[in-house]
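Have a look at the structure below, then the notes.
The values are calculated or read from the model by the stated rules, or taken from the named source; none is laboratory data. As the structure is a prediction and not an experimental result, all values here were calculated from the model. Cβ atoms come from the backbone with ideal geometry, glycine included; neighbour counts cover every protein chain shown. Quick note on the areas: whole protein, heavy atoms, side chains included, nothing else; ligands and nucleic acids left out. Shrake-Rupley method; radii C 1.70, N 1.55, O 1.52, S 1.80 Å.
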Amino acid sequence: MTKPSPLRLIADDQADDFTRAMPHNIEAEQCVLGAVMLSPRALDEVRELLDGSEFYRPAHSRVWQAITALADRDAPCDPLAVGAEIGTRDLAKAGGAPYLHTLITTVPTTTNATYYAHMLRDLAYARQVIETGTRLVQLGHEHADDSATSNLRALVTAQATTLTTADTRGWPDPTPLSATPELPEFPIYALPPWVGEYAAGLAEITQTPPDLAGCLALAVLAVAAGGNVWVNAGAWSEPTNLFTLIVLPPGNRKSEVYKAMTAPIKTAEKLLIEQAQPRIAEAIISRRIAEADAERTEKAATETTDVIRQAEALTEAADARMRLDAATVPAEPSLFSDDATVERLTSHLAEQNGRFAVLSPEGEIFSIAAGRYSGAPNFAVLKSGHAGEEMRIDRMGRPAERIDAATITLGICTQPGVLTRLGETPQFREQGLLGRLLYSVPKSLLGYRKERPEPIAEAVSRIYTANLTALVLSLHDLNDTTGAESGPANLTFTPDAQDAIVELLAATEPRFRPGTGDLAHMTDWGGKLVGAVVRIAALLHLAEHLRDGWYRPVDLATFANAQIIGEYFVAHAQAAYDTIGADPAVADARALLDWARNTATNRFTARDVMRSLKHRFAKVTDLDPGLRVLESHGWVRRIPAPPTNGRGRPAAPAYELHPNTAEAGR
């Protein structure tokens, strides 16, 4: 007979999985219940995480139910009230009234309540995993002899779903990592009636967003006024040119809208050429005469041998040469181009008295400025042309060019890819080009366009063409009216409109404050916001008063409409900067979110991120801006740190990812 083996104890970690105690922590449950009875604030925080099913002891679950019932009635949640809510019989099962007081005395501080609540939720999930695993084992045994396994697969799928369903308790709905997910529509109503009615009608007939025609309306008004009119804002002056950039995908009929909005500009340009032809012809003849005179006097000076006569001949030759230099031939009037190199754009400015525009349904000007032809970014002319600055250009082998006040207008309709690539040229941001653009990123109507849109009334089209043509012609000849020496006309504001400018300055300044301002990440753009509003107000004013706008001050109503348009551009600039990636914190947040999705991470510490993204983040503190963005948008939340005894280094902060992150990324 075999001698039996002696009995021996089996450690808990060596026990069979089916005989092990379920995961739980009675002390953590006591701390949670004690804290919520002591602190209403702790109760509010814990209720976002727990619903009562997480307690391992049934008595603790009953205490929780009593506490939440009292809280729902705005009643006190102290031990006496909780005991009365539970009732004498159930209270005895829970340990009696003394046990409720024991729960309170075990809590040194209520600040750790959420930490223990997270612990209870994790332990409850672990128990759920074990219970589900047990049921799956039982299902496998029950269907072992069943040849048809389709029902088993369905049962297994149903059991697994209980584990994989996202638990969003305590989580807000995450918001996209975008400054303004819903962008406003261009306020056509803020434009003067003859402009706004045509822009609205054109948007309808072409089934395009009104933003496209509305922004181009501002651009064509800037073509008329830019360089011809300046506006005095009190402490400074602004030219009346604009840089507008409208972004729409292909197939949105940008070219049709561009062609219709700019047609009066082309008509006015033809009329200006016709008016200039006699003057140009006269200048050509005068220069030829001056050339002949200079050649004749120079020859006479070189051929004479008489000393006295030679001195006189030299004087005559010098005078003739000076008359030749002064006999310049004016260039043929040209208001805009749809494509020009930086050098040609500079020459256009010199030829057209410092006034020129680039209007195009494509974004070629930006690739040219980025160095497509030169090999290096070159856009100094755009920076100077936006501000109305003096330009002095000296090139080898070419005459020097001097421009007293360069004013360029941009009206560009382009595609989203061009906007994204603006961020690929760092100099555009560093040297201020991005901050000079008025962005419009409207929602495409593709897929929702009417097949029978309303046509534009003939009178509306006729008035738009006549008024814009007249405005271009009258402002182009403004210097001839006011006197060539006086330079461009200067607009002013009425006193109440001037006060509104000061108020706008005061309201805009806090928007640049780090951490709280909505323009803190784009101060290069926001710093020019008030100036842009002042320019827009001047353009609206000139369009409203076609015959004598340059003599009248801009009133408060016009400035208010300009402010409305300005706020429209604020929202769209924020969206554009987000697309460009100009906000480093948002770009970092996207990188962190992509890392979490790609690695299927649901909890992480800063060190976990650093191990994978050390090429992007040089040190742990570099993660903070991106993590703050993710927290504020509801994508991550910080897990409460465990209690400390005051000794040793504090634990590194840990973060939990929103349960729906994976689905949101698909």
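Across the range 177-191, what is the number of residues that are at pLDDT below 90 and surrounded by 12 or more Cβ atoms within 10 Å (Cβ to Cβ)?
Total satisfying the criteria: 4.
Take the range 234-254 and flag every residue that is in a loop (DSSP other than H, G, I, E, B) and crowded, with 24+ Cβ neighbours inside 10 Å. First the steps, then the outcome.
First, the residues of the range 234-254 that are in a loop (DSSP other than H, G, I, E, B): 234-236, 240-242, 248-253.
Passing the criteria: THR240, ASN241, LEU242, LEU248.
Looking at the range 285-311, which of its residues are open to solvent by 80 Å² or more (accessible area, probe 1.4 Å) and not acidic (Asp, Glu)?
ILE285, ARG288, ILE289, ARG296, LYS299, THR302, THR305, VAL307, ILE308, ARG309
Within the set of pairs 6+ apart or on separate chains, which have a first residue in the range 415-427 that is more than 10 Å from VAL247 (Cβ to Cβ), a second that is open to solvent by 50 Å² or more (accessible area, probe 1.4 Å) and assigned to a helix (DSSP H, G or I), and C-beta atoms under 8 Å apart?
Every condition considered, the pairs that remain are GLY423/ARG429.
Go through the range 192-210 and give me each residue that's open to solvent by less than 10 Å² (accessible area, probe 1.4 Å) and more than 23 Å from LEU446 (Cβ to Cβ).
PRO192, VAL195, GLY196
Please tell me if PRO76 is open to solvent by 10 Å² or more (accessible area, probe 1.4 Å) and farther than 19 Å from THR106 by Cα.
On the way: open to solvent by 10 Å² or more (accessible area, probe 1.4 Å): yes; farther than 19 Å from THR106 by Cα: yes.
When the stated conditions are applied, PRO76 passes them.
Which residue, of ALA571, ALA557, is over 18 Å from ALA387 (Cβ atoms), open to solvent by 60 Å² or more (accessible area, probe 1.4 Å) and out of contact with any His (no Cβ under 8 Å at 6 or more places or on another chain)? Give the derivation first.
Values: ALA571 fails: open to solvent by 60 Å² or more (accessible area, probe 1.4 Å).
Checking each option against the conditions leaves just ALA557.
Could you tell me whether any residue of the range 62-72 is in a loop (DSSP other than H, G, I, E, B) and open to solvent by 40 Å² or more (accessible area, probe 1.4 Å)? Spell out how you get there, then give the answer.
First pass over the range 62-72, keeping only residues in a loop (DSSP other than H, G, I, E, B): none.
Looking through the range 62-72, none of the residues is in a loop (DSSP other than H, G, I, E, B) and open to solvent by 40 Å² or more (accessible area, probe 1.4 Å).
Scan the range 423-463 for residues that are more than 19 Å from the chain's Cα centre (by Cα) and on the phi > 0 side of the Ramachandran plot and report the count.
Restricting attention to the range 423-463, the residues satisfying the condition of being more than 19 Å from the chain's Cα centre (by Cα) are 445-463.
Imposing the further condition that a residue be on the phi > 0 side of the Ramachandran plot reduces the set to 447.
Result for the range 423-463: 1.
Test of understanding: among VAL358, VAL342, VAL329, which residue is surrounded by 15 or more Cβ atoms within 10 Å (Cβ to Cβ), more than 32 Å from the chain's Cα centre (by Cα) and under 22 Å from MET391 (Cα atoms)?
Values: VAL358 fails: more than 32 Å from the chain's Cα centre (by Cα); VAL342 fails: more than 32 Å from the chain's Cα centre (by Cα).
Only one candidate passes the filter, namely VAL329.
Just a yes or no: is a residue in the range 258-265 surrounded by 14 or more Cβ atoms within 10 Å (Cβ to Cβ), assigned to a helix (DSSP H, G or I) and in contact with a Cys (Cβ under 6 Å, 6 or more places away or on another chain)? Don't jump to the end; show me each part of the working.
Our first condition is that a residue be surrounded by 14 or more Cβ atoms within 10 Å (Cβ to Cβ); within the range 258-265, this holds for 258, 260-265.
Filter once more, so that each one left must be assigned to a helix (DSSP H, G or I): 258, 260-265.
Those still in the list that are in contact with a Cys (Cβ under 6 Å, 6 or more places away or on another chain) too: 258.
Scanning the range 258-265, I find at least one residue that is surrounded by 14 or more Cβ atoms within 10 Å (Cβ to Cβ), assigned to a helix (DSSP H, G or I) and in contact with a Cys (Cβ under 6 Å, 6 or more places away or on another chain), so the answer is yes.
Answer yes or no as to whether ARG135 is over 22 Å from ALA28 (Cα atoms) and not small (Gly, Ala, Ser).
Values: over 22 Å from ALA28 (Cα atoms): yes; not small (Gly, Ala, Ser): yes.
Against the criterion (over 22 Å from ALA28 (Cα atoms) and not small (Gly, Ala, Ser)), ARG135 qualifies.
Could you tell me which of the residues THR492, THR465 is within 21 Å of ALA219 (Cβ to Cβ) and in contact (Cβ under 8 Å) with a residue 60 or more places away in the chain? So that I can check it myself, show each step before the final result.
On the way: THR492 fails: within 21 Å of ALA219 (Cβ to Cβ).
Result of the check over THR492, THR465: THR465.
Within the range 579-614, how many residues turn out to be among the acidic types (Asp, Glu) and open to solvent by 40 Å² or more (accessible area, probe 1.4 Å)?
Final tally of qualifying residues: 2.
Which strands (runs of 3 or more DSSP E) does the range 373-492 wholly contain that include 3 or more residues that are buried (at least 17 other Cβ atoms within 10 Å of the Cβ) and modelled with pLDDT of 85 or more? I'd like the intermediate steps shown before the answer.
Values: elements: 391-395, 398-403, 407-414, 438-440, 489-491.
The qualifying strands (runs of 3 or more DSSP E) are 407-414, 438-440.
Looking at this structure, is VAL220 closer than 17 Å to THR465 by Cβ, open to solvent by less than 10 Å² (accessible area, probe 1.4 Å) and not in a loop (DSSP other than H, G, I, E, B)? Spell out how you get there, then give the answer.
On the way: closer than 17 Å to THR465 by Cβ: yes; open to solvent by less than 10 Å² (accessible area, probe 1.4 Å): yes; not in a loop (DSSP other than H, G, I, E, B): yes.
The answer is yes for VAL220.
Among the residues in the range 94-111, are any part of a helix (DSSP H, G or I), touching a helix residue (DSSP H, G or I) at 6+ places or on another chain (Cβ under 7 Å) and closer than 19 Å to ALA641 by Cα? Walk me through how you get there before you give the answer.
Step one: list which residues in the range 94-111 are part of a helix (DSSP H, G or I), which gives 97-105, 110-111.
So of that shortlist, the ones also touching a helix residue (DSSP H, G or I) at 6+ places or on another chain (Cβ under 7 Å) come out as 97, 100-101, 103-104, 110.
Subsequent filtering for residues that are closer than 19 Å to ALA641 by Cα retains 110.
Within the range 94-111 (the criterion being part of a helix (DSSP H, G or I), touching a helix residue (DSSP H, G or I) at 6+ places or on another chain (Cβ under 7 Å) and closer than 19 Å to ALA641 by Cα), the answer is yes, since at least one residue qualifies.
Given the conditions (1) surrounded by 16 or more Cβ atoms within 10 Å (Cβ to Cβ); (2) without any contact (Cβ under 8 Å) to a residue 40 or more places away in the chain; (3) out of contact with any Lys or Arg (no Cβ under 6 Å at 6 or more places or on another chain), and given that GLU282 satisfies all but one, which numbered condition is not satisfied?
Just one mismatch for GLU282, condition (1).
Which of the residues spanning the range 488-545 are of a type in the set (D, E, K, R) and under 30 Å from PRO625 (Cβ atoms)? Talk me through it step by step, then tell me what you get.
Initial filter on the range 488-545 (of a type in the set (D, E, K, R)): 496, 499, 503, 509, 511, 513, 518, 524, 528, 535, 544.
Result: GLU509, ARG511, ARG513, ASP518, ASP524, LYS528.
Output the number of residues of the range 113-135 satisfying the condition of being over 17 Å from THR165 (Cα atoms) and either open to solvent by 30 Å² or more (accessible area, probe 1.4 Å) or among the hydrophobic types (A, V, I, L, M, F, W, C) (or both). Full working, then the answer.
Of the range 113-135, the ones over 17 Å from THR165 (Cα atoms) are 113-120, 134-135.
Right, trim to either open to solvent by 30 Å² or more (accessible area, probe 1.4 Å) or among the hydrophobic types (A, V, I, L, M, F, W, C) (or both) and you get 113, 115-117, 119-120, 134-135.
Total satisfying the criteria: 8.
Between a residue in the range 90-110 that is in contact (Cβ under 8 Å) with a residue 24 or more places away in the chain and within 17 Å of ALA66 (Cβ to Cβ) and any residue that is basic (Lys, Arg) and open to solvent by 60 Å² or more (accessible area, probe 1.4 Å), which pairs come within a Cβ distance under 8 Å, given they are 6 or more apart or on different chains?
Listed pairs, sorted by first residue: ASP90/ARG62; LYS93/ARG62; ALA94/ARG62.
Name the residue, out of PRO23, PRO98, PRO40, that is open to solvent by 30 Å² or more (accessible area, probe 1.4 Å) and closer than 16 Å to ARG121 by Cα. I'd like the intermediate steps shown before the answer.
Details: PRO98 fails: closer than 16 Å to ARG121 by Cα; PRO40 fails: closer than 16 Å to ARG121 by Cα.
When all the criteria are applied, what remains is PRO23.
Please tell me if LEU50 is in a helix (DSSP H, G or I), modelled with pLDDT of 85 or more and surrounded by 20 or more Cβ atoms within 10 Å (Cβ to Cβ).
Working: in a helix (DSSP H, G or I): no; modelled with pLDDT of 85 or more: yes; surrounded by 20 or more Cβ atoms within 10 Å (Cβ to Cβ): yes.
Answer is no for this residue.
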